[in-house]
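Here the structure is laid out as structure tokens; the discussion comes afterwards.
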Amino acid sequence: MSRVTSISAGIGVLVLAVLQAACVVPMPEDAIFEDDATQLQIRSIQSREYEVTDRIRVMRAVIATLLDLDFVIDEADSDLGVITATRMSGYLLSATVVVTEKDDAHLQVRARLQTGWTPLAGTAVYELHASNTVPDETYREFFNSLGKNLFVTSLWNPLP
């Protein structure tokens, strides 16, 4: 009977330890609100509008830009306007780019870059290796390259 009691006591201690550990781990809801940047600031960093009406041309330019920046295209859906890509040179970086119609004369491109589970948008410059994030300059680099690719494709395929 003492063996059953010691097993029950061991299980009880294990359950208490697991419950205590669960209380210490921050909940994902708390992590959402830790960033000082507002959603509007983050969206402005992640989005650009272009005076182009051909969504397929913009998606091709996005794919070319991602390839130029050493990404591997994971998936592209022209119906939804979504492109996902991964870059593994130096550090893991994932990109999700969505191309949507803003109005009759403009398309909006929104890119979301992240390492692991940490979004890269923010207002401060971060140490890459210390916190696994990069500065907002990564978004500027992406959109500058995208603008150049859109310009080059407009030279080769002018709109009617």
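The values are calculated or read from the model by the stated rules, or taken from the named source; none is laboratory data. Note that the structure is predicted; figures quoted are calculated from it, not measured. Note: ideal-geometry Cβ built from the backbone for every residue, glycine included; neighbour counts use all protein chains shown. What goes into the accessible areas is simple: the full protein's heavy atoms, side chains included, and nothing from ligands, DNA or RNA. Shrake-Rupley method; radii C 1.70, N 1.55, O 1.52, S 1.80 Å.
Can you run phi through the Karplus equation (6.51, -1.76, 1.60; θ = phi - 60°) for segment 106-112 and list ³J(HN,Hα) in whole Hz, with x for Gly and Pro?
Whole-Hz 3J(HN,Hα) from phi for segment 106-112: 9, 10, 10, 10, 10, 10, 10.
Tell me which residues come under 5 Å, amide H to amide H, from LYS102 once H is placed; ignore anything under 5 positions away on its chain.
LEU107, GLN108
Can you pull the one-decimal nm distance between simple spin-label points at GLU101 and ASP54, each 7 Å off the Cα toward Cβ?
Rounded to a tenth, the inter-label distance reads 1.7 nm.
Between GLN108 and VAL72, what's the calculated FRET efficiency when r is the beta-carbon distance and R0 is 25 Å? Round to 0.05. Each step should come with its number before you reach the end.
Details: r = 25 Å, r/R0 = 0.98.
Calculated value: 0.55.
Return one whole number: the accessible area per residue of segment 41-101 in Å², for a 1.4 Å probe. Numbers along the way, then the final one.
Numbers: 3290 Å² over 61 residues.
Result: 54 Å² of accessible area for each residue.
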